[in-house]
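Read the structure below first, then the notes.
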Amino acid sequence: MPEDLQVDIPEIGTIKRPRRPVFQLPPEHGVLVAFILSCILAWKVAGAPSQEMDLTVMFLMLTVGSLHRPVQMAFIAFTGALILAFNYSQPWLALCLLLMPVGQRIANESVRFFGPSIRQTLGMLGISTIPLAAACLVSRGSQATQIAVLGFTSASMLSTGIVLLYQNKANIHCKPALLSATALWLWLLFKQPPAALLGFFPFLLQTLWIARSSKPTFKQIGIAESLCLSWTTAILFLQTG
């Protein structure tokens, strides 16, 4: 073989695989923003500061940063659950932590039967609801936490439904998200009309913008989704004060 065509082939034992980081943020910006806003809102509506709530949110953040490492995620959730259950006598908060790895497994398994859109819906539902569910447990189901759970979960489901609709999926793929968002919004409208009307106005504008725009990019859709969720969070902050 000519010298200029010779290629050095490394030995099998010397090939190095790229190492994944220990913690990594989710690549979907909408999911990440929804989780951060949910944690902030959960801290606010939980009432007086408590170590239980702080620990729960901290372990939830660690589990979300371990989505790319299922074993590490399960270990962190199990460790946090043990601390909350035995050191703080909070078995229900421990259950909230354990729902993260269990929910991820269910969402991943559902892809085989229902396609990737159901994983997107379940993932957004879990990541936006679990921090607020923990706040509801800490505050013993106060009116403020009920409004926050209804409002933010409805907004996140509506956001997911709009994205799925934009992706030209069949109607059946976006129906679960849109139907659940509508049901929760009607419940919120009954309990807190101003939060329901003011909090979801940006989503109407987002839908009209997508319908009239000439094929917006997914990055633009993600930015609009994040802005709408931020607006809803701000309205819920004011309505639960």
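The values are calculated or read from the model by the stated rules, or taken from the named source; none is laboratory data. Fair warning: this is a prediction, and the values are worked out from it, not measured in the lab. Positions of Cβ are generated from backbone atoms using ideal geometry, with glycine treated the same way; all protein chains shown enter the neighbour counts.
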Legend entry - Only listed residue being among the charged types (D, E, K, R) and under 24 Å from residue 229 (Cβ atoms), chosen from 140, 119: 119
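Picking from 93, 98, 125, which residue would you name as being under 21 Å from residue 153 (Cβ atoms) and out of contact with any helix residue (DSSP H, G or I) (no Cβ under 6 Å at 6 or more places or on another chain)?
Of 93, 98, 125, the one residue that is under 21 Å from residue 153 (Cβ atoms) and out of contact with any helix residue (DSSP H, G or I) (no Cβ under 6 Å at 6 or more places or on another chain) is 125.
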Legend entry - Breaking point among (1) within 15 Å of residue 151 (Cα to Cα); (2) touching a Pro at 6+ places or on another chain (Cβ under 9 Å); (3) without any contact (Cβ under 8 Å) to a residue 40 or more places away in the chain, for residue 234: (2)
Inset, instruction - Within segment 124-171, track down each residue that is within 24 Å of residue 105 (Cβ to Cβ), of a type in the set (Gly, Ala, Ser), modelled with pLDDT of 90 or more and touching a Ser or Thr at 6+ places or on another chain (Cβ under 8 Å). - result: 134, 156
Inset, instruction - Could you tell me whether segment 151-171 includes any residue that is free of Cβ contacts under 8 Å to residues at least 12 places away in the same chain and either in a helix (DSSP H, G or I) or closer than 21 Å to residue 238 by Cβ (or both)? - result: yes
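Can you say whether residue 110 is surrounded by fewer than 20 Cβ atoms within 10 Å (Cβ to Cβ), over 30 Å from residue 213 (Cβ atoms) and under 20 Å from the mean Cα position of the chain (by Cα), as far as the supplied structure shows? Please lay out each step first, then the result.
Values: surrounded by fewer than 20 Cβ atoms within 10 Å (Cβ to Cβ): yes; over 30 Å from residue 213 (Cβ atoms): yes; under 20 Å from the mean Cα position of the chain (by Cα): yes.
So residue 110 fits the description; yes.
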Inset, instruction - Just one of (1) touching a helix residue (DSSP H, G or I) at 6+ places or on another chain (Cβ under 7 Å); (2) more than 27 Å from residue 205 (Cα to Cα) trips up residue 105, so point out which. - result: (1)
Inset, instruction - Scan (1) part of a helix (DSSP H, G or I); (2) at positive phi for the single condition residue 89 breaks and write down its number. - result: (1)
Inset, instruction - Restrict the check to segment 135-148 and report whether at least one residue is within 23 Å of residue 118 (Cα to Cα), crowded, with 17+ Cβ neighbours inside 10 Å and not acidic (Asp, Glu). - result: no
Inset, instruction - List every residue pair whose Cβ atoms lie under 8 Å apart, where the two residues are 6 or more positions apart in sequence or sit on different chains, the first residue falls within segment 43-54 and is surrounded by fewer than 17 Cβ atoms within 10 Å (Cβ to Cβ) and of a type outside the set (Phe, Trp, Tyr), and the second residue, located anywhere, is in a loop (DSSP other than H, G, I, E, B) and at pLDDT below 90. - result: 47/139; 47/142; 51/88
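For every residue, the table says whether it meets (1) touching a Gly at 6+ places or on another chain (Cβ under 9 Å); (2) modelled with pLDDT of 90 or more; (3) on the phi > 0 side of the Ramachandran plot; (4) not in a helix (DSSP H, G or I).
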| position | (1), (2), (3), (4) |
| --- | --- |
| 197 | no, no, no, no |
| 205 | no, no, no, no |
| 208 | no, no, no, no |
| 216 | no, no, no, yes |
| 225 | yes, no, no, no |
| 229 | yes, yes, no, no |
| 235 | yes, yes, no, no |
| 241 | no, no, no, yes |
Legend entry - Subset of segment 172-186 (residues that are at pLDDT 70 or above, surrounded by 14 or more Cβ atoms within 10 Å (Cβ to Cβ) and over 15 Å from the mean Cα position of the chain (by Cα)): 174, 175, 176, 178, 180, 182, 184, 185
Legend entry - Subset of segment 60-72 [aliphatic (A, V, I, L, M) and under 18 Å from residue 39 (Cα atoms)]: 60, 61, 62, 64, 67
